[in-house]
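No value in this document is a laboratory result; all are computed from the given coordinates. Since this is a predicted model, take the numbers as computed values, not measurements. Positions of Cβ are backbone-derived with ideal geometry, glycine not excepted, and every protein chain shown enters the neighbour counts.
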Amino acid sequence: MGKLLFTTLAAIFVSLVIFGRDLPGDSETVEATTQTTPEVTRAASDPDPLYAPNKITASTEPQVVPASATISPVTAKSRMPGPALKLSPEYRSTEAANVAGGSLWTVTANALNVRSGPSTSNSAMDRIRKGEQVLVIARKSGWAHIKIEGDGIDGWVAARFLTPAN
């Protein structure tokens, strides 16, 4: 086992020495020299570039390109596959939509008891499910007085299980 380990480590060391990467400071820095190359253009008097030899002229003056001629990158606006993205709970607005008679809230609990009064000692009259929207009429010490007009539900629920409807 020791021979195999020693041989493997020796092979890794030799390959790093031979094919190893340059470390910063080990490599020599080469300074680039700037050379001006003449621009090659075709003379306007040439009849046809396919059949006649081209006349090449060199210009030493730099040409100025207008800003409107520069190419800007084009990014495609594509929609990501899958369902639409939603804001995470900490970034959602905490204000409920106001409607006539109260504000609109959504139930977050899987099942929420609707009680006759703002206490757990009051009897449960009905149960509402997750995702249902309710109209909050009043709030009192952690409880919300709600109404659901389509179902005729009118009672109290724990306010911590409600979030503003978006």
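Can you sort E90, E149 from fewest to most other Cβ atoms within 10 Å of each residue's own Cβ?
Placing the least packed residue first, the sequence is E90, E149.
Given charges of +1 on the Cβ of Lys and Arg and -1 on the Cβ of Asp and Glu, with all other atoms neutral, how large is the dipole of segment 93-164 about its Cα centre, in debye to the nearest 20?
In total the dipole reaches around 260 debye.
Each residue of segment 112-123 in turn: what ³J(HN,Hα) in whole Hz from Karplus with 6.51, -1.76, 1.60 and θ = phi - 60°, glycine and Pro shown as x?
10, 6, 9, 10, 6, x, x, 6, 6, 6, 7, 6
Which peptide among 156-166, 107-117 comes first, and what is the full order, when sorted by highest mean count of other Cβ atoms within 10 Å?
By packing density, highest mean first, the sequence is 156-166, 107-117.
Kindly provide log₁₀ I(q)/I(0) values, in the same order as q = 0.13, 0.17, 0.28 Å⁻¹, from the Debye equation applied to equal alpha-carbon scatterers of segment 93-164.
Those come out to -0.30, -0.53, -1.51, one per q.
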